[in-house]
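Down below is the structure, laid out as structure tokens.
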């Protein structure tokens, strides 16, 4: 049985002035337990792509364009907002620092996903679906990056997008009608 601990940091709702001034259009209600349930279902389905562990851990940060632009500039040298950033840790986990039985009993931290709610809102409007759907779409994209997926060419991008649609359908959501 796959267990997942998700540290959800919704700094957008609590700190961004846009969250209070445009509260009606930037509304989304995804509870911590719902995020955890979705990530658990996704990781259970994709367990073959993970190192063996009893518990997996990741963080999800919902923020604004200002913060994600600063992170994008610092880590990707692109001084502009983006929709989602993923900071994978799995490549560093395979080092033999701890005995295997200790590694199995500790949560395996797989990385951080950061999503700009502002950019997600703009993209949701352009795509004609809800902000919630866009946030989940971006979270699934970030998760795939944490698991080593990438989209260097058109073929790998299409494969990744198809997998994202599969992940959304797995939790009962549809990207398109």
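For segment 45-68, the candidate set comprises residues that are part of a helix (DSSP H, G or I) and within 16 Å of residue 139 (Cβ to Cβ); within that set, the residue that is farthest from the chain's Cα centre (by Cα) is 45.
Among the numbered conditions (1) more than 23 Å from residue 59 (Cα to Cα); (2) touching a residue at least 12 places away in the same chain (Cβ under 8 Å), tell me where residue 131 comes up short. Residue 131 satisfies every listed condition except (1).
Go through segment 132-152 and give me each residue that's assigned to a loop (DSSP other than H, G, I, E, B) and either at pLDDT 95 or above or surrounded by 15 or more Cβ atoms within 10 Å (Cβ to Cβ) (or both). Within segment 132-152, 147, 149, 151 meet the criteria. As a summary of the residue check, residue 103 satisfies the conditions (1) loosely packed, with under 15 Cβ neighbours inside 10 Å; (2) at pLDDT below 95 except for the one numbered (1). Based on what the data block shows, is residue 42 in contact with a strand residue (DSSP E or B) (Cβ under 8 Å, 6 or more places away or on another chain) and assigned to a helix (DSSP H, G or I)? Against the criterion (in contact with a strand residue (DSSP E or B) (Cβ under 8 Å, 6 or more places away or on another chain) and assigned to a helix (DSSP H, G or I)), residue 42 does not qualify. Screening the candidates 71, 85 for the property of being under 16 Å from the mean Cα position of the chain (by Cα), under 20 Å from residue 7 (Cα atoms), assigned to a helix (DSSP H, G or I) and modelled with pLDDT of 95 or more yields one hit, 71. Kindly indicate whether residue 91 is at pLDDT below 95, out of contact with any helix residue (DSSP H, G or I) (no Cβ under 6 Å at 6 or more places or on another chain) and either over 19 Å from residue 57 (Cβ atoms) or buried (at least 19 other Cβ atoms within 10 Å of the Cβ) (or both). Answer is no for this residue. Number of residues in segment 12-36 that are within 18 Å of residue 134 (Cβ to Cβ) and either modelled with pLDDT of 60 or more or exposed (fewer than 10 other Cβ atoms within 10 Å of the Cβ) (or both): the value is 13. For segment 48-65, filtering for residues that are in contact (Cβ under 8 Å) with a residue 40 or more places away in the chain and surrounded by fewer than 19 Cβ atoms within 10 Å (Cβ to Cβ) leaves 8.
The values are calculated or read from the model by the stated rules, or taken from the named source; none is laboratory data. On a predicted model such as this, the values are computed, not experimentally measured, just so you know. Positions of Cβ are generated from backbone atoms using ideal geometry, with glycine treated the same way; all protein chains shown enter the neighbour counts.
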